[in-house]
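I have placed the structure first, in the form of C-alpha cells, so that the comments after it can refer back to it.
All of the numbers you see were taken from the coordinates with simple rules; none came from a lab. Just so you know, these numbers come straight off a predicted model, no measurement behind them. Quick reminder, even Gly has a Cβ in these numbers, built from the backbone with ideal geometry, and neighbours come from all protein chains shown.
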Amino acid sequence: MSKQQPPSKHALITIDVDCMHGHTEKLQEGRRQRGREDRCIDLSYRKWLPRYLDLLAELGLRSTFFLVADFARHPGNRPFLQRLVAAGHEVASHSLNHRIELCWLSPAEKAREVIESKKILEDLSGQEVVGFRGPGYAFDADIARLLVENGYLYDSSVVPGYLFPLYKKVRRWYDRLVSGRAIVHPNAPPRVARAPYIILAENGRRLVELPLNVLPLVPYPFISHVFTSEKKFRLMYGLIRRRTPLLVHALHDFEFMDCGHPEEYVPSQAVAKVACQDLLTRLAMQRSIFKTLARERQVVTAKEYVLDIIEKPTGQ
C-alpha cells in the first residue's frame, strides 16, 4: 500500500440507501432483522431521499449515493434516479441485495453481489459505477480482489481500529445465545490507517480505500446517525478535524424519515437514535453540518476524489 494525501482537506457527503433492510429491532425474545420490504423501498425513494436531494440542491453540494441495486430497480424509482443523475450526484454500489453476511458468502455469491450490482446500477443511471460500500461495512480480501478485477476504483467499507470489529463479534455471539441465530456478521477487513490508501494490484490496476473516520484513542465510528444533536457533532468533529485529510460524512436514508408520521415511521434500533428529534430539527442540523463541511473543506464526490488521487504521481 502506498499512502496518498491530497494537498488540501476534502469532505465526502455519502448516503447508504438501505431501505431499512438488515436493520434490527428489539423484541422480547431477542432481535429480528428486517427483510426486503417494498413499502420501505417506496418510502425511501419517494419520501426520504427527495428531502436529502432538496437539501443538497439548496446548498449547491453533490453527494455519493450508495445504492442497493435490487432496490434501486424497483418500479417507480426511475424519476428519482433521473433527478439524482441530472443534479450531478454519483451513483455507487451498496451491493446487489444488501446481504449483511456478505463476508460469509460463497465466492460465487460474493461475485454476484459485486458484479451484478455494478451492471444494474450502470444501466439505471447511465453512469460508470466505480465505487463500493459493503452492507454493514462488510469487506475482506476476496471482495477487494473482485472489485479490482471488475473495474471498481474505490471501496469505502473499512472502519479502522479494534472497536467496530469487536462490537460485531460480541453482538454476533449475544444474538446466537439469546435468539439462536446470528444477526450481526463480523468482517475481516485488512489493516488500514485513518487516511486514504491506494491498494496496488496486478497489471497496474488500483483500488483506493476510503475508510470511514473514527475518533482518536477510542476508535468510535464517526457516522451521522449517532449525532443526536449538533452539539455532539461539533464535539466529535472537533476531535478529528485537524488530523483528518478526508472527512467521510456517512448518512443513511432513514435519517430523513418523518418519525412523527405514522405512515412513514419504521421502527428499528438505528431509527430510535434519530427519532428523538423531529424532522425539521434534523434537517436543520444536517444543513448546519453541510455548511460547516463546505466552509472548511472542498466537498466532492468520492469518484472525483479518487480520480484526483490516481492521476497524481506517487509522493504528491
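Observations on the model:
- A simple spin-label model places the labels of TRP104 and GLU304 4.0 nm from each other, with each point 7 Å out along Cα-to-Cβ.
- Cross-link pairs beyond the 28 Å C-alpha cut-off, checked among LYS9/LYS47; LYS47/LYS110; LYS47/LYS169; LYS168/LYS232; LYS47/LYS273; LYS47/LYS119: LYS9/LYS47; LYS47/LYS110; LYS47/LYS169
- Computing FRET efficiency as 1/(1 + (r/R0)^6) for LEU235 and TYR162, where r is the C-beta to C-beta distance and R0 is 25 Å, gives about 0.65.
- Over all pairs of different C-alpha atoms in the chain, the reciprocal of the mean inverse distance, the Kirkwood hydrodynamic radius, equals 19.8 Å.
- Relative contact order of region 2-311, taken over Cα pairs closer than 8 Å and 6 or more residues apart, is 26 percent.
- Taking the centroid of alpha carbons for each part, region 251-292 and region 69-136 are 24 Å apart.
- Scanning the chain for long hydrophobic helices, with DSSP H runs required to stretch 24 angstrom or more by C-alpha along their axis and to average at least -1.0 on the Kyte-Doolittle scale, returns 107-125, 279-296.
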